[in-house]
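Each remark here refers to the structure printed beneath this line.
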Amino acid sequence: MGGSRKGFDAAVVDAAGVIGGPESKLMSPEAVIEWLMQFGPTVVAVDSPRCTAPPGEASRVCERQLASSVCGIRWTPDARRVAANGYYEWVRRGLELYAALESAGAGWEVIEVFPTASWTQWADRRGNRSRAAWSGAALGSLGLERVPRRRLSQDARDAIAAAVTARAFTHGRVQCFDEIVVPLEGLPA
C-alpha cells in the first residue's frame, strides 16, 4: 500500500500460481478495480488497515493481538491522528481503496491482510535477515507457478502474499484477529 505518488501494487493467484501481476503503480482505487475486474476474483485482500483505532486510542485491538501472537505491526491510531499526520497517507489511501472496492458491485469479499504476518506464518520470523532476503526466500518456498523471473520489489512480493492469503481465506485456512486475516502456519494448500 502506498501513498499517492507510489500507487498501489496488486497480484492475483489461482490454485497453481500467479495469474495476474504483480502490477505496480496503479495510481487510483479505480485503476485497481479496473485491473482486478479482468480476473474476476472472489476475495480481494488489502494490505492496509480497514479502519482506524477508536477515538483517543493509539492502536487497534486486532493489531495488539497480532503483535502478541504472530509478529510486530505498525499501530494505526485514531482517525484524528491519521488525518493530521502525513505519514499516514498510506492509511488514508487504503481506506479510499476499501470504500471503492466495496462499492464496485463486483461481488468480491474484501479482507484486510498484513503480508509480514503471512510471511511469518509461512517462513518463521525474519530474525536478522533482510526483509528482501526473508520474503524472497519465503516466496520461493510457496511453490507458485508463473512468479515473474524479474527482480521483484518488496511491494510486489507483498502483493503476491496478500493474494495467497486471500486464497487461503477461501479455503478456510486462516485465523482472524478481528479485521486482520492471517494464514495458518505452514505452507498454504
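Things worth noting here:
- For the chain, share of DSSP beta bridges that run antiparallel, in % to the nearest 5: 50
- Ranked by the mean number of other Cβ atoms within 10 Å of their residues, highest first, the peptides 156-165, 170-179 fall in the order 156-165, 170-179.
- Of the peptides 74-81, 60-67, 129-136, the ranking by mean beta-carbon count within 10 Å, highest at the top, reads 60-67, 74-81, 129-136.
- Shape class for region 42-143, computed from the alpha carbon gyration tensor (a ≥ b ≥ c): oblate, with a/c not under 1.5 and a/b at or below b/c.
- Cα centroid separation - region 135-189 against region 76-109, whole Å: 22
- Taking a sphere under 10 Å around the Cβ of Ile180 and counting the other residues whose Cβ falls inside, with K and R at +1 and D and E at -1, yields a net charge of -2.
- Positive-pole candidate from Val182, Val147, Ala11, dipole of the chain, charges at beta carbon: Val147
- Fully extending the segment from Gln175 to Glu30, taken as 0.36 nm per residue of separation minus the present Cα-Cα distance, adds 49.2 nm.
- Once the Cβ-Cβ distance of Arg149 and Lys6 is raised to the sixth power relative to R0 = 25 Å, the FRET efficiency obtained is 0.60.
- Cα convex hull of region 8-98, projected area averaged across orientations, nm²: 7.1
- Overall dimensions of region 93-189 as given by Cα atoms, namely Rg and Dmax in Å: 13.9, 44
No value in this document is a laboratory result; all are computed from the given coordinates. Source: prediction; values computed, not measured. For neighbour counting, all protein chains shown are included, and Cβ atoms are generated from backbone atoms with ideal geometry for every residue, glycine included.
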